[in-house]
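Engineer: The structure under discussion is supplied below as structure tokens; questions concerning it will follow.
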Amino acid sequence: MPTRCATGASVRSAQRLIVIARDLYIGDPFGADRKETVYALAAPTIDLCLSVFPWAQLRTAKAAIKLHTLLDLRGNIPAFTYTSDGKMHEVNVQINCLRKPAPPT
């Protein structure tokens with residue numbers, strides 16, 4: 001299992017930047033008449049070298065992780081990110097991790 005590299009200060013700093021970015025895009029037209037925020041979930045698989053990252057084993061001779069990202073489509077701002085092994089399906093992230101995105105503060 002990967003170790004966490006982000007400190008609490010860096011996470012708070014990133015959250016502040018997201019709030020600032022959302023404020024910049026709040027008045028922009030979305031292209032659809034929606035009052036609610038629209039999100040998209042993307043989960044690209046990132047291939048890794050198995051000899052360097054043995055904890056990320058995907059297959060016998062392959063390593064990978066997935067970066068699950070929930071994007072606020074108004075400005076393509078990440079509302080949520082989760083890094084998992086390459087085997088986790090997006091549906092499991094939706095069920096286990098995504099209750100409701102935190103409102104901007």
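The values are calculated or read from the model by the stated rules, or taken from the named source; none is laboratory data. Keep in mind the model is a prediction, meaning the values are calculated, not measured. Glycine gets a Cβ as well: all are built from the backbone with ideal geometry, and neighbour counts include every protein chain shown.
Engineer: Can you find, within the stretch 50-105, the residue that is modelled with the highest pLDDT among those that are of a type in the set (Ser, Thr, Tyr) and in contact with a Ser or Thr (Cβ under 7 Å, 6 or more places away or on another chain)? Write out each step before concluding.
Structural biologist: Step one: filter the stretch 50-105 for residues of a type in the set (Ser, Thr, Tyr), giving 51, 60, 69, 81-84, 105.
Retained after the next criterion (residues that are in contact with a Ser or Thr (Cβ under 7 Å, 6 or more places away or on another chain)): 69, 81.
Working: THR69: 85, THR81: 82.
Here the residue is THR69.
Engineer: When you check ILE46 against the structure, is it outside any loop (DSSP other than H, G, I, E, B), surrounded by 12 or more Cβ atoms within 10 Å (Cβ to Cβ) and at pLDDT 65 or above, yes or no? Before you say what the answer is, go through the steps one by one.
Structural biologist: Values: outside any loop (DSSP other than H, G, I, E, B): yes; surrounded by 12 or more Cβ atoms within 10 Å (Cβ to Cβ): yes; at pLDDT 65 or above: yes.
Spelling it out, ILE46 is indeed outside any loop (DSSP other than H, G, I, E, B), surrounded by 12 or more Cβ atoms within 10 Å (Cβ to Cβ) and at pLDDT 65 or above.
Engineer: Name the single residue that is modelled with the highest pLDDT among those in the stretch 14-29 being in contact with a Lys or Arg (Cβ under 9 Å, 6 or more places away or on another chain) and assigned to a helix (DSSP H, G or I).
Structural biologist: Out of the qualifying residues, it is ARG22.
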